[in-house]
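The values are calculated or read from the model by the stated rules, or taken from the named source; none is laboratory data. What you see is a predicted model; the values in this text were computed from it and never measured. As a convention, Cβ positions derive from the backbone with ideal geometry for all residues, glycine included, and neighbour counts pool all protein chains shown.
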Amino acid sequence: MTRVDTVAAFTDLYLPTVNGVTYTVQLWRERWPRFRGAMPVVYPEMDGHEPRDGEYPIPSVRAPLYPQYRLGLPTIPEDIGSPDLVHVHTPFTIGFAGIRFARKHDLPVVASYHTLLDDRADQHVSGNVLDGVKRTCRLYERSFFERVDHVTAPTAFARDHLLEEVDADVEVTVVSNGIDTDFFRPVDPTSFRERYDLPDDRPILGYTGRHGEEKNIGEAIEAVDGTDLVLVVGGDGPAREDLEAKAAEADAEIRFLGFLDREELPAFYSALDVFVFPSPVETQGLVALEATACGTPVVAVDEGALTDSVIQGETGYRYRRGSIGDLQWAVARTLDEHDRLSDLCRRRRAMLSVEHSLEQLSRIYDDLA
């Protein structure tokens, strides 16, 4: 078996953008040298991030529909060196460039299935054309992923979607993206509670992440309406104004904390009695894993990847989407069993770590090489 040391990562999403893909690529790149060699990364040039050693920005243009993102021009940096394998993280211009680079140099190529494109279609189209757009997304994904040698998916849900819904003829292995458990760990939340004036005499529920309509945060607001529970919402996004208006009409204490610095997140999770995650569009749901690693049980919608990421009766409970009564039942049960669930969350920390994920990846890489 050949040992793979240097892996070239190609991604259309990278710093300074903050999302699950950029977090994963950055964390893998940082931790891979602890196992093997290096993980240089090729990404679209974008204002706000100064490239460091091993980072190779390429010229880019603004992405249609998503002006906050950039599309890299399909070029390859000449000084990227001679990697042993290519790993592509996104199915767009730089992803295709990574496949071409691998084929030109006779290298194996792995792809990660981070995002279900057809799940994002209804954010931009509706009515009679929606089904056609979704079919087009699936054809596009199939064309991309059938060009690589192996695919990793962060959950069984994402794997099954690629094989059954997209109908791609590929080899897929479930490998969690992993999180930084050195950073996400139980901490003393006292200073965080004081900074945001959070009460200590009532249960606190919380969510953090993008405020988008697809994230379904409104269900969390409805669940606390008429109760003595406190709901704190971190993050920001296009749906925030509507969510604040909805919260203002609810008979409950609901706080919008705004965007939280990354350094605050372990204390945020540790301050919560329950992390509520109503988003049905996740391919893994990294924030659920972060909360779990901090010892905080999760109540999540029983859809998408959260059916895998939240273990019923061990790291929390799941509820039927749209059923506020079911959500309230799950919250009540989680609060009743909080100490037991929190202990089980802490016991799973090693399985959630990025080191565990990279060990699995290294075996896949070596088998391909």
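Only one entry in Asp188, Asp167 is more than 15 Å from Leu286 (Cα to Cα), part of a loop (DSSP other than H, G, I, E, B) and in contact (Cβ under 8 Å) with a residue 60 or more places away in the chain, namely Asp188. Looking across the stretch 69-96, the residues that are touching a residue at least 40 places away in the same chain (Cβ under 8 Å) and surrounded by fewer than 16 Cβ atoms within 10 Å (Cβ to Cβ) come down to Gly81, Ser82.
Considering the stretch 240-289, the residues that are under 19 Å from Arg349 (Cβ atoms) and aromatic (Phe, Trp, Tyr) include one that is farthest from the chain's Cα centre (by Cα), namely Phe268.
Any idea which residue in the stretch 49-97 is modelled with the lowest pLDDT, counting only those that are closer than 20 Å to Ser112 by Cα and among the small types (Gly, Ala, Ser)? Residue satisfying both the conditions and the ranking: Gly72. If the condition is being under 22 Å from Arg333 (Cβ atoms) and buried (at least 18 other Cβ atoms within 10 Å of the Cβ), then the stretch 196-221 contributes Pro203, Ile204, Leu205, Gly206, Tyr207, Asn216, Ile217, Glu219, Ala220, Ile221. The residues on offer are Asp336, Asp273, Asp326, and the sole one that is over 21 Å from Ala158 (Cβ atoms), at pLDDT 95 or above, in contact with a Leu (Cβ under 7 Å, 6 or more places away or on another chain) and surrounded by fewer than 24 Cβ atoms within 10 Å (Cβ to Cβ) is Asp273.
Of all residues in the stretch 139-163, those satisfying the criterion of being more than 21 Å from Ile94 (Cβ to Cβ) and in a helix (DSSP H, G or I) are Ala156, Phe157, Arg159, Asp160, His161, Leu163. Leu361 satisfies every condition listed in (1) assigned to a helix (DSSP H, G or I); (2) farther than 27 Å from Thr173 by Cα except (2). Selection of the stretch 315-328 for residues being free of Cβ contacts under 8 Å to residues at least 12 places away in the same chain and over 12 Å from Val301 (Cβ atoms) yields only Gly325. When Glu214 is tested against (1) modelled with pLDDT of 95 or more; (2) assigned to a helix (DSSP H, G or I), only condition (1) is not met. Exactly one residue out of Gly20, Gly48 is in the same structural domain as Ala111 (by TED's automatic domain parsing) and on the phi > 0 side of the Ramachandran plot, and it is Gly48. All but one of (1) over 14 Å from Leu205 (Cβ atoms); (2) in contact (Cβ under 8 Å) with a residue 40 or more places away in the chain hold for Ala245; which doesn't? Failing condition for Ala245: (2).
Yes or no: the stretch 259-268 includes at least one residue that is in contact with a Leu (Cβ under 7 Å, 6 or more places away or on another chain) and under 15 Å from Asn216 (Cα atoms). No, because not a single residue in the stretch 259-268 is in contact with a Leu (Cβ under 7 Å, 6 or more places away or on another chain) and under 15 Å from Asn216 (Cα atoms). Here the condition is being among the β-branched types (Val, Ile, Thr) and closer than 18 Å to Leu85 by Cβ; of Val21, Val25, Val61, it holds for Val25 alone.
Restricting Thr173, Thr190, Thr181 to those that are at pLDDT 95 or above, surrounded by fewer than 18 Cβ atoms within 10 Å (Cβ to Cβ) and either over 17 Å from Leu257 (Cβ atoms) or of a type in the set (A, V, I, L, M) (or both) reduces the list to Thr173.
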